[in-house]
Amino acid sequence: MSYDVIVVGTGVAGLAAAVRLAEDGARVLVLAKGIGATHLTGATVDVLGYDPERVEAPGDALGRLVAAQPGHPYARVGAEAVGEALAWLRAQVAASPFAPYAYEGGLERNHLLPTAVGAPKPTAMAPRTMLAGDLRAGGAPICIAGIRRLKDFHPLLCAENIAAATGTEARGVELDLPLTGRADENAQGLARQLEDPVVRGALVQQLANTLRVGERVGLPAVLGLGDPHAVWSDLEHRLGRPVFEIPTLPPSVPGMRLYTILRAALRRAGGRQVIGPEVVGPVAAGARLEGLRVRVGKREEVRRAGHVVLATGGFASGGLQLDSRWRARDAALGLPLAGVPEPGELRFTPRYFEDQPMARAGIAVDDELRPLGADGEPSYENVRVAGASIAGAAPWKEKSGEGISLATGLRAAGLILHATRTAAAPAAGATMEAP
Amino acid sequence: MTTLQADVLVIGGGATGAGVAWDCALRGYDTVLVDRRDLAEGTSGRFHGLLHSGGRYVVKDPDAAVECVEENAIVRRVAADAVEDTGGLFVSTPGDDLAYGDRFLEGCRASHLPVEEIGVAEALRREPLLNPGITRAFVVPDASVDVWKLVWALADGAAAHGARVLTYHRVVGIRRDGDEVCGARLRNELSGEEVDVEAAFTINASGAWAAEVAEMAGCEGIHVAPGKGIMIAMNHRLVNTVVNRLVMPADGDILVPIRTVSVIGTTDIRSRHADELPVTQEEVDQMLDDGDRLVPGLRSARALRVWAGVRPLFEDKKTGETDSTRDVSRSHAMLDHLERDGLRRFLTITGGKLTTYRLMAKDIVDAMVRQRGEARPCRTAETPLPGSEEGRPYRLGVRLRAREDELRSEQIICECELVGRRRLEDAMRRRGTANLDDIRRNLRLGMGPCQGGFCMYRAAGILHGIGRMDGPRATGSLRHFLQERWKGMWPVLYGDQLRQARLDDWIFQGLLDVEHVPADTNGLPAPVDAELEATPLL
């Protein structure tokens with residue numbers, strides 16, 4: 001089987017690119033060493049939360065950022081593409097098997113959603129199951145309810161910090177649910193157990209005894225994996241008040257849902273995904289990438305494709321690497337990285353919350369998202385880079401990770417579709433056939 | 001102001017000071033032990049964890065070797081719970097002077113150090129990651145020691161005999177009455193409150209800071225040379241035996257397996273002041289290269305954390321300065337201020353090494369007993385510390401075994417170091433501290449590969465839950481911890497540990513956004529300024 005496009009990496013950027021390509025008829029293979037970083041994210045779509053002050057209107061702030069930081073990934077795609085990317089994801093979720101589970105929001109106003117430590121985090125778009133937690137303009141008092149079995153969410157701390165940070169009235173309670181298994185349960189296991197109406201019944205009963213008039217209820221984001229809308233709406237209905245989820249420490253249940261949604265879309269569109277193989281190097285012919293050297297178990301093989309989307313993530317995902325002699329490269333193709341401080345310069349500073357000099361290191365790209373070599377010229381004309389591997393952003397400081405991944409992933413797909421259409425005008429698909 | 005009365009005030013809560021307090025308490029003295037920070041946060045907490053067999057000193061300093069041989073045997077007995085009987089190897093790496101091995105063997109015999117030469121093949125069988133090019137190997141009874149466990153056992157033991165232990169209490173003045181020292185004035189570093197200790201006798205066991213404390217009593221001219229050594233904790237037990245390079249003591253020639261990690265050490269650079277210990281990139285690089293000689297591939301293994309400790313090496317002004325602090329005698333220095341300065345009821349002990357902490361304590365307390373004209377014999381060589389009554393050494397894996405029995409009933413808060421929720425809550429209650437870094441040293445919470453990435457949010461939540469402290473204070477503790485841990489991480493961020501650090505950033509900045517929660521750091525120790533200055537890398 002030959003492919004038009006191989007997408008390396010299966011996080012938000014890679015999956016978005018793959019779905020977009022497959023929906024347009026391209027034969028797409030997603031190769032990934034492991035499950036992507038979706039399982040780490042809170043699955044909110046953070047576009048721009050701090051710049052460096054808190055951002056209220058991400059659309060406006062994006063325009064300013066693109067002008068002020070020409071080296072930022074958003075400057076490669078432009079603010080408009082970000083808005084389109086959000087609309088695209090909303091549509092994907094609406095068409096998913098989880099519907100009416102939905103994503104809501106856009107570039108007009110950031111939501112302020114509480115984190116598990118009670119910080120009001122600005123985010124452009126989020127699952128509907130989280131939105132009742134919005135902390136803008138005070139709002140109804142909040143009861144944060146934790147589940148004692150879950151060590152990855154601490155409701156009392158969360159509630160008190162919400163109150164201290166925003167002035168919203170908030171208190172925390174801990175519930176003991178009749179759960180099976182060990183004393184330790186992570187978010188994923190709890191999400192499975194909460195699909196059981198009996199467990200939910202106990203939760204409702206315990207909460208009903210403590211809730212006060214007018215309170216909304218915040219719960220750790222464990223409200224179901226198989227049919228989250230049903231679990232969430234059932235709780236809202238039975239408690240008779242708004243209920244919202246708050247992301248926990250990984251593994252992230254809403255992140256898994258997002259992964260499931262995008263993977264299902266890929267399957268529906270005829271794309272293929274293989275988890276396990278590791279891309280270890282390029283097969284190059286001048287300015288074109290002919291294929292990828294892929295390690296499968298102990299075997300190494302060559303996979304050929306007309307185009308490649310490199311969406312392997314940043315240092316956290318292993319997409320970028322730095323060795324003890326401070327040599328930095330991308331792990332899959334060995335591309336050089338930009339933004340790495342020179343020998344003798346500080347790579348990190350001793351103050352944790354300062355901007356770290358290494359934070360923005362990554363693969364430099366041109367406006368076509370092609371990787372740039374040390375000479376400033378594209379290394380390969382048929383490789384596009386998407387997501388956290390691109391240089392120039394500080395996603396966790398800015399709260400911009402998902403926005404960058406979505407926008408660059410979809411742009412990479414769009415550029416490839418455009419290139420193949422142009423090239424294939426005389427004979428459709430001719431350039432894409434693997435030898 | 002609070003005033004405390006005591007027979008003995010011990011200044012300095014490292015292994016020596018805690019050992020002195022334990023020794024005094026066992027001899028029936030009412031004792032107060034004070035430190036400006038937490039226990040074992042100075043030199044003691046910043047060493048490689050090696051309980052010397054003496055092998056390192058047999059050629060260069062036979063007296064120190066004999067001390068080590070004797071004390072090693074005693075510490076294994078009385079502090080068994082803090083000691084892992086790893087055994088030790090001395091190996092010649094390619095290019096090392098082969099004749100040194102013969103001098104080593106001779107020295108071992110002269111110092112009565114049990115030693116056995118084994119074949120290279122046997123050494124490699126025992127430690128498969130060792131450099132296959134080694135040419136000679138000797139087995140000695142080195143061991144590794146968990147210093148926090150040791151020092152806390154000493155302090156707890158002393159407390160069980162009535163001693164009072166005041167951490168975060170800085171000595172701001174020595175009380176004098178004519179030619180007698182009669183205690184000290186302390187300042188609580190967290191609350192600012194002042195405390196007077198009226199003590200019949202004062203022992204200065206403040207190690208690298210001994211000269212400053214002595215000066216407060218008016219004793220001039222003492223010099224304690226701060227010899228800086230850096231150490232790097234590697235993520236795995238690259239070896240299960242202490243591995244020493246068979247050369248005259250040099251840089252990067254010891255690899256110590258301790259708990260779940262191994263520590264490569266150390267360097268020896270004279271530093272300006274004991275509180276200024278920057279770690280430079282060059283030192284890290286040198287250490288990794290040196291480690292690679294012992295265990296090839298160490299450079300590509302994962303480094304968790306780097307720290308610098310300072311050896312308290314006593315110098316008499318009369319002998320003049322030396323370039324390397326290693327040339328200064330390792331044997332400890334006792335100063336009788338009555339002889340030296342005409343000052344009664346005041347003694348200073350400094351220098352020495354962790355392995356001989358007990359001997360140092362004994363010597364100085366003996367000196368006090370003599371000056372007081374009493375006869376109270378030392379009992380520390382026979383009396384086991386709390387937790388070591390059965391004399392069974394610590395074994396890697398005991399906690400895993402204990403945890404396996406509890407998995408259905410107990411949450412594990414720190415997966416790397418297997419710290420359960422009950423133990424954590426107990427420690428938080430017992431210590432009554434808001435400082436997660438104190439808890440880290442007590443339980444090894446957050447000392448594993450993720451360096452607190454997963455457990456510290458949990459710990460902050462639990463601290464808030466049980467202490468009913470307000471949210472901003474618990475968040476302050478979390479932020480304080482993140483800064484403390486970063487201090488040891490940033491100079492060694494490469495490879496998989498960089499990946500881990502970025503994942504932790506993802507959690508703390510991306511997912512939790514702890515930066516934008518109100519945080520109250522009152523009651524937490526301020527970071528040392530020098531540690532927050534960016535240091536040149538090359």
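The values are calculated or read from the model by the stated rules, or taken from the named source; none is laboratory data. These numbers were taken from a predicted model, which means no experiment stands behind them. All Cβ positions, even for glycine, are placed from backbone atoms using ideal geometry, and neighbour counts span all protein chains on display.
Just to be sure, is A:GLY181 assigned by TED's automatic domain parsing to the domain that holds A:LEU235, assigned to a loop (DSSP other than H, G, I, E, B) and free of Cβ contacts under 8 Å to residues at least 24 places away in the same chain? In short, yes. Pairing each residue of the stretch B:230-248 that is polar (S, T, N, Q) with any residue that is assigned to a strand (DSSP E or B), provided the two are 6+ apart or on different chains, yields C-beta distances under 6 Å for B:ASN235/B:LEU304; B:ASN240/B:PRO257; B:THR241/B:LEU89; B:ASN244/B:PHE90; B:ASN244/B:ILE254.
Taking A:GLY139, is it assigned to a strand (DSSP E or B), outside the structural domain of A:LEU15 (by TED's automatic domain parsing) and either more than 21 Å from the chain's Cα centre (by Cα) or polar (S, T, N, Q) (or both)? No, not satisfied.
One residue stands out among those in the stretch A:385-418 that are surrounded by 24 or more Cβ atoms within 10 Å (Cβ to Cβ), part of a helix (DSSP H, G or I) and of a type in the set (A, V, I, L, M): the one that is farthest from the chain's Cα centre (by Cα), which is A:ILE416. Condition check: among the charged types (D, E, K, R) and in contact (Cβ under 8 Å) with a residue 40 or more places away in the chain. Does A:ARG212 satisfy that? Taking the combined requirement at face value, the residue satisfies it. Residues in the stretch A:377-384: is at least one touching a Lys or Arg at 6+ places or on another chain (Cβ under 7 Å), under 22 Å from A:TRP88 (Cβ atoms) and part of a strand (DSSP E or B)? For the stretch A:377-384, residues touching a Lys or Arg at 6+ places or on another chain (Cβ under 7 Å), under 22 Å from A:TRP88 (Cβ atoms) and part of a strand (DSSP E or B): present. Looking across the stretch A:132-176 at every residue that is surrounded by 19 or more Cβ atoms within 10 Å (Cβ to Cβ) and farther than 25 Å from B:MET469 by Cα, the one that is farthest from the other protein chains (Cβ to nearest Cβ) is identified as A:ALA132. The residues listed here are B:GLY467, B:GLY523, B:GLY448; of these, the one that is among the small types (Gly, Ala, Ser), more than 7 Å from chain A (Cβ to nearest Cβ) and crowded, with 22+ Cβ neighbours inside 10 Å is B:GLY448. For the residues B:LEU385, B:LEU418, B:LEU335, the requirement of being touching a helix residue (DSSP H, G or I) at 6+ places or on another chain (Cβ under 8 Å), aliphatic (A, V, I, L, M) and at pLDDT 95 or above singles out B:LEU385. Which condition does A:PRO282 not pass, out of (1) surrounded by fewer than 22 Cβ atoms within 10 Å (Cβ to Cβ); (2) within 30 Å of A:GLU215 (Cβ to Cβ), if it passes all the others? Status for A:PRO282: all satisfied but (2).
Among the residues of the stretch A:333-361, just one is on the phi > 0 side of the Ramachandran plot and either within 12 Å of chain B (Cβ to nearest Cβ) or modelled with pLDDT under 90 (or both), namely A:GLY344. Counting only residues that are within 14 Å of another protein chain (Cβ to nearest Cβ), surrounded by fewer than 24 Cβ atoms within 10 Å (Cβ to Cβ) and either over 14 Å from A:GLY189 (Cα atoms) or aliphatic (A, V, I, L, M) (or both), the stretch A:250-264 holds 0 of them.
With a requirement of 3 or more residues that are in contact with a His (Cβ under 6 Å, 6 or more places away or on another chain), crowded, with 22+ Cβ neighbours inside 10 Å and more than 14 Å from chain B (Cβ to nearest Cβ), none of the helices (runs of 4 or more DSSP H) lying completely within the stretch A:55-117 satisfies it.
I'd like the residue in the stretch B:56-82 that is small (Gly, Ala, Ser) and in contact with a Ser or Thr (Cβ under 9 Å, 6 or more places away or on another chain) and, out of all such residues, is surrounded by the fewest Cβ atoms within 10 Å (Cβ to Cβ).
Start the filter on the stretch B:56-82 by keeping residues that are small (Gly, Ala, Ser), which leaves B:64-65, B:73, B:79-80, B:82.
This time we only want the ones that are in contact with a Ser or Thr (Cβ under 9 Å, 6 or more places away or on another chain), so: B:64-65, B:79-80, B:82.
Values: B:ALA64: 23, B:ALA65: 25, B:ALA79: 29, B:ALA80: 20, B:ALA82: 26.
The extreme case among them is B:ALA80.
Checking each residue in the stretch B:486-520 for being part of a helix (DSSP H, G or I), out of contact with any helix residue (DSSP H, G or I) (no Cβ under 8 Å at 6 or more places or on another chain), within 8 Å of another protein chain (Cβ to nearest Cβ) and more than 21 Å from A:ARG325 (Cα to Cα) picks out only B:LEU511.
Which one of these is among the acidic types (Asp, Glu) and within 15 Å of A:LEU417 (Cα to Cα): A:ASP60, A:ASP4, A:ASP46, A:ASP51?
A:ASP4
As a summary of the residue check, B:THR2 satisfies the conditions (1) touching a Pro at 6+ places or on another chain (Cβ under 9 Å); (2) surrounded by fewer than 23 Cβ atoms within 10 Å (Cβ to Cβ) except for the one numbered (1).
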